[in-house]
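Engineer: Let me give you the structure first, and then I'll get to my questions.
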Amino acid sequence: MTNIRAVIFDLGGVVVGSPLHAIAAYERELGLPGDAVNRVVVASGSDGAWSRLERGEIALDAFYPAFEADCTAAGFMLDAREMMRRIALATEPRPVMLEAIRRLRTARLRVAALTNNWIAEDEGTRLLAPLFDVFVESAVVGMRKPDPRVFEHTCVALGVPPAATAFLDDIGLNLKAARALGMTTIKVEEPEAALDALGAVIGLALR
């Protein structure tokens, strides 16, 4: 019998389409090296525009020039407003994931979303909140993955310890942080394969 009593889903790249794909396509159009944007996010660290946006410390209007400055410091230029527009278009819900969430809740497992996001004028992925028992947004709680505190916050909200939780994400650093807390982690590259792996762990067909 599995000891998993709750499942935590990342949103972008897991429940909805990947923003990383939209960013990669934009990088190619601009002739930038692959992963250029991610390198800026990592290099600028917790004080960078991207991290501050996802902790809810700055709004999008302030983010655009700040992130463009971070990119300029890294040796290239882009239109941050255009990049974010493309990200928004890419994040359509994946039906196979929505069905899996429904099956998990029908089986009485607790289900949460844990997303690094930002405050936007449109509802965006917040429209998915009713599908989950718990909905944790970095821009609301002021913490972002891979900070261990945001995983602990989510587990407390679920009423389940990390060791009884499975976590799905598409980013290795986030998975590593969750695993260090004792969570069962599944990397999402292909949604169907990830759901099969989760189903095998909990003993439930999810598609």
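The values are calculated or read from the model by the stated rules, or taken from the named source; none is laboratory data. Note that the structure is predicted; figures quoted are calculated from it, not measured. Positions of Cβ are backbone-derived with ideal geometry, glycine not excepted, and every protein chain shown enters the neighbour counts.
Engineer: Please work out if Arg94 is on the phi > 0 side of the Ramachandran plot and either of a type outside the set (Asp, Glu) or in contact with a Cys (Cβ under 8 Å, 6 or more places away or on another chain) (or both). Please lay out each step first, then the result.
Structural biologist: Values: on the phi > 0 side of the Ramachandran plot: no; either of a type outside the set (Asp, Glu) or in contact with a Cys (Cβ under 8 Å, 6 or more places away or on another chain) (or both): yes.
Against the criterion (on the phi > 0 side of the Ramachandran plot and either of a type outside the set (Asp, Glu) or in contact with a Cys (Cβ under 8 Å, 6 or more places away or on another chain) (or both)), Arg94 does not qualify.
Engineer: Still on this structure: Would you list the helices (runs of 4 or more DSSP H) that sit entirely within region 51-112 and hold 2 or more residues that are small (Gly, Ala, Ser)? So that I can check it myself, show each step before the final result.
Structural biologist: Details: elements: 60-73, 80-90, 95-106.
So the answer is 60-73, 80-90.
Engineer: Taking region 171-198 as the region of interest, how many residues are in contact (Cβ under 8 Å) with a residue 60 or more places away in the chain and out of contact with any strand residue (DSSP E or B) (no Cβ under 7 Å at 6 or more places or on another chain)?
Structural biologist: Residues in region 171-198 being in contact (Cβ under 8 Å) with a residue 60 or more places away in the chain and out of contact with any strand residue (DSSP E or B) (no Cβ under 7 Å at 6 or more places or on another chain): 5 in total.
Engineer: Then there is this: Do we find a residue being surrounded by fewer than 15 Cβ atoms within 10 Å (Cβ to Cβ), part of a loop (DSSP other than H, G, I, E, B), over 13 Å from the mean Cα position of the chain (by Cα) and at pLDDT 95 or above anywhere in region 125-137? Show your work before the answer.
Structural biologist: Step one: filter region 125-137 for residues surrounded by fewer than 15 Cβ atoms within 10 Å (Cβ to Cβ), giving 127, 129-130.
Going one step further and asking which of them are part of a loop (DSSP other than H, G, I, E, B), we end up with none.
No; the residues of region 125-137 include none that is surrounded by fewer than 15 Cβ atoms within 10 Å (Cβ to Cβ), part of a loop (DSSP other than H, G, I, E, B), over 13 Å from the mean Cα position of the chain (by Cα) and at pLDDT 95 or above.
Engineer: Within region 172-207, restricting attention to residues that are under 16 Å from the mean Cα position of the chain (by Cα), in a helix (DSSP H, G or I) and among the hydrophobic types (A, V, I, L, M, F, W, C), which residue is nearest to Ile4 (Cα to Cα)?
Structural biologist: For region 172-207, the residue satisfying everything is Ala178.
Engineer: Can you pull out every residue in region 142-152 that is in a helix (DSSP H, G or I) and either modelled with pLDDT under 95 or surrounded by fewer than 17 Cβ atoms within 10 Å (Cβ to Cβ) (or both)?
Structural biologist: Kept after step one, since they are in a helix (DSSP H, G or I), are these residues of region 142-152: 148-152.
Pro148, Arg149, Glu152, listed by residue number.
Engineer: Filter region 122-164 down to the residues that are of a type outside the set (A, V, I, L, M, F, W, C) and without any contact (Cβ under 8 Å) to a residue 12 or more places away in the chain, then identify the one that is nearest to Arg179 (Cα to Cα). Step through it out loud before you land on a result.
Structural biologist: Applying the first criterion (of a type outside the set (A, V, I, L, M, F, W, C)) to region 122-164 yields 122-126, 130, 133, 137-138, 142, 144-149, 152-154, 159, 161-162.
Subsequent filtering for residues that are without any contact (Cβ under 8 Å) to a residue 12 or more places away in the chain retains 123, 126, 130, 149.
On the way: Glu123: 31, Arg126: 26, Pro130: 27, Arg149: 13 Å.
Taking the candidates together, the pick is Arg149.
Engineer: Of (1) farther than 30 Å from Arg103 by Cβ; (2) in contact with a helix residue (DSSP H, G or I) (Cβ under 8 Å, 6 or more places away or on another chain); (3) modelled with pLDDT of 95 or more, Gly34 satisfies all except one. Which?
Structural biologist: Single failed check for Gly34: (3).
Residues checked against (1) more than 21 Å from Leu109 (Cβ to Cβ); (2) of a type outside the set (A, V, I, L, M):
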residue	(1), (2)
Asp133	no, yes
Val160	no, no
Ala163	no, no
Asn174	no, yes
Ala180	yes, no
Val188	no, no
Ala205	no, no
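Engineer: Given the conditions (1) over 29 Å from Phe132 (Cβ atoms); (2) free of Cβ contacts under 8 Å to residues at least 24 places away in the same chain; (3) surrounded by 18 or more Cβ atoms within 10 Å (Cβ to Cβ); (4) not hydroxyl-bearing (Ser, Thr, Tyr), which single one is not true for Asp79?
Structural biologist: The number of the failed condition is (3).
Engineer: For region 5-56, which residues satisfy the criterion of being surrounded by 19 or more Cβ atoms within 10 Å (Cβ to Cβ), of a type in the set (Asp, Glu) and either farther than 14 Å from Asn116 by Cβ or not assigned by TED's automatic domain parsing to the domain that holds Trp118 (or both)?
Structural biologist: The answer is Glu27, Glu54.
Engineer: Return the residues of region 104-118 that are over 20 Å from Tyr26 (Cβ atoms) and either surrounded by 16 or more Cβ atoms within 10 Å (Cβ to Cβ) or of a type in the set (S, T, N, Q) (or both); say none if nothing qualifies. Talk me through it step by step, then tell me what you get.
Structural biologist: The first filter runs over region 104-118 and keeps only residues over 20 Å from Tyr26 (Cβ atoms), leaving 104-115.
If the condition is that a residue be over 20 Å from Tyr26 (Cβ atoms) and either surrounded by 16 or more Cβ atoms within 10 Å (Cβ to Cβ) or of a type in the set (S, T, N, Q) (or both), then Leu104, Thr106, Leu109, Arg110, Val111, Ala112, Ala113, Leu114, Thr115 are the ones that fit.
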